[in-house]
Amino acid sequence: MKQYLDLVRDVLAQGFDKTDRTGTGTFSVFGRMLRFDLGAGFPLLTTKKVHFKSVAHELLWFLQGTDDTSYLQEHGVSIWREWQTELTKPDGSTYLSIGPLYGVNWLHYKDPNGGEINQIDAVINEIKQRPDSRRLVVSAWNPATLPDPSLSPQDNVRAGKGCLAPCHAFFQFVVEGRKLSCMLTQRSADLFLGVPFNIASYSLLTLMIAQQTGLEPGDFIWSGGDVHIYKNHLQQIELQLTREPKSLPTLQIKRKPESIYDYKIDDFELLGYEPHPGIKAPVAI
């Protein structure tokens, strides 16, 4: 993961001092790319510990296509707690929601006639039937569900919008020979907290879809729009830069389920992950 650390140094050296939605302030560059060969190891950051089970649980939750965060709460995943909002179901019961975001737009994208499009099913079918297609795309960016920036995340959820605009907004697959590669476009990239998590999440998704389509994993390409370091992460970033990267782990998927929606956390075995200790940092809300 040396290339990730090189990107960190690039942002520190070249970044513009910018304000942001959270009021925290950032150093930011625009337009960067990283590439990882998934056959050479699983790209999980080693200069600080990244909690892989939280990565996997969040992805499995996305693939449920829901705004209800109950699954995350049941598995001790806290990454959405700052933005979730209590809503009431038609039967009078309540649940915690983040509004229509990743999983909802992946699996229940509204079409102009009021129907729904399951983009995950569509892209898997297209990979199987037309592997040379240049349309192997899934988008979480749905203008109809974007939050009103003048409202709080909670008020946006109550209004039927997402609590936040999708950061990892668009991903595309390509089949080259027998290998499946994926490129993620992340329009807003929190380099210290978010990006390592997102790289691992979409690399895992690529491995899962490769298995489901009978292909081998190729590359995962991460592309960032506004790539930034929050000003309240500078001490943590400097600590991380003092550490030498270690060997990447490998990830084994121990069975092939019937569908992409049938994976369980125990299907994933991370081998050889020996990172430096974790580094805590505040989330910019």
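The values are calculated or read from the model by the stated rules, or taken from the named source; none is laboratory data. The shown structure was predicted, so the numbers you read here are calculated from the model rather than taken from an experiment. Virtual Cβ from ideal backbone geometry, glycine too; neighbours counted across all protein chains shown.
Structure data summary
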{"item": "Subset of the stretch 164-176 [more than 11 Å from Tyr102 (Cα to Cα) and in contact with a Leu (Cβ under 9 Å, 6 or more places away or on another chain)]", "result": "Phe171, Gln172, Phe173, Val174, Val175"}
{"item": "The stretch 50-106, residues that are among the aromatic types (Phe, Trp, Tyr) and farther than 22 Å from Val283 by Cβ", "result": "Tyr95, Trp106"}
{"item": "Odd one out for Asp91 among (1) within 18 Å of Ala200 (Cα to Cα); (2) modelled with pLDDT under 95", "result": "(1)"}
{"item": "Residue in the stretch 186-208 that is within 17 Å of the chain's Cα centre (by Cα), under 17 Å from Phe62 (Cα atoms), assigned to a strand (DSSP E or B) and free of Cβ contacts under 8 Å to residues at least 60 places away in the same chain present", "result": "yes"}
{"item": "Pairs, first within 13 Å of Leu205 (Cα to Cα) in the stretch 251-276, second among the hydrophobic types (A, V, I, L, M, F, W, C) and in a loop (DSSP other than H, G, I, E, B), C-beta under 7 Å, six or more apart", "result": "Leu251/Phe42; Ile260/Leu63; Tyr261/Leu63"}
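Results for (1) in contact with a helix residue (DSSP H, G or I) (Cβ under 8 Å, 6 or more places away or on another chain); (2) at pLDDT below 95; (3) exposed (fewer than 14 other Cβ atoms within 10 Å of the Cβ); (4) part of a loop (DSSP other than H, G, I, E, B), shown as yes or no for each residue.
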{"site": "Ile120", "(1), (2), (3), (4)": "yes, no, no, no"}
{"site": "Ile124", "(1), (2), (3), (4)": "yes, no, no, no"}
{"site": "Ile127", "(1), (2), (3), (4)": "yes, no, no, no"}
{"site": "Arg134", "(1), (2), (3), (4)": "no, no, yes, yes"}
{"site": "Asp148", "(1), (2), (3), (4)": "yes, no, yes, yes"}
{"site": "Val157", "(1), (2), (3), (4)": "no, no, no, no"}
{"site": "Lys161", "(1), (2), (3), (4)": "yes, no, no, yes"}
